[in-house]
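The block underneath contains the structure these notes are about, expressed in structure tokens.
The values are calculated or read from the model by the stated rules, or taken from the named source; none is laboratory data. This structure is a prediction, so every number in the text was calculated from the model and none was measured. No Cβ is skipped: glycine too gets one built from the backbone with ideal geometry, and neighbour counts run over all protein chains shown.
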Amino acid sequence: MVQTSLKQIALSSVRIVLVAPAGPLNVGSVARVMKNFGLSQLVLVAPQCDPQGEEAMQMAVHAKDLLHQAQQVQTIPEALFGCEQAIAPQPVKGDSMPP
């Protein structure tokens, strides 16, 4: 029981930041995965789609609340304000990447 509480506390401090998301289906899918793993802080930097539109909500399934609560900001520094550590994956050029 104590271990679960510590895990919940740790997960509550994780923030997922999407930079200029263009597809509402992707935004909804991210919200759904976040909810499945117990994450709740979604920040969208200059979204290029409607994160609360029908497609996003449809993909979010049980995580519509995360889309409603998502913070929208214009810059990455705003999204990372207050973070102690940031991890940023980037695409790796490969067979599926255009030249």
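Of note:
- For region 51-62, filtered to residues that are within 14 Å of the chain's Cα centre (by Cα) and not in a helix (DSSP H, G or I), the residue that is farthest from VAL14 (Cα to Cα) is GLN52.
- Taking region 30-50 as the range and being part of a loop (DSSP other than H, G, I, E, B) and under 15 Å from VAL19 (Cβ atoms) as the test, the residues that pass are ALA46, PRO47, GLN48, CYS49.
- Test: ASP65 is over 16 Å from VAL14 (Cα atoms) and assigned to a loop (DSSP other than H, G, I, E, B): no
- Condition check for PHE81: exposed (fewer than 13 other Cβ atoms within 10 Å of the Cβ), modelled with pLDDT under 95 and among the hydrophobic types (A, V, I, L, M, F, W, C): no
- Of the candidates LEU67, LEU25, the single residue that is in contact with a helix residue (DSSP H, G or I) (Cβ under 8 Å, 6 or more places away or on another chain) and touching a residue at least 40 places away in the same chain (Cβ under 8 Å) is LEU67.
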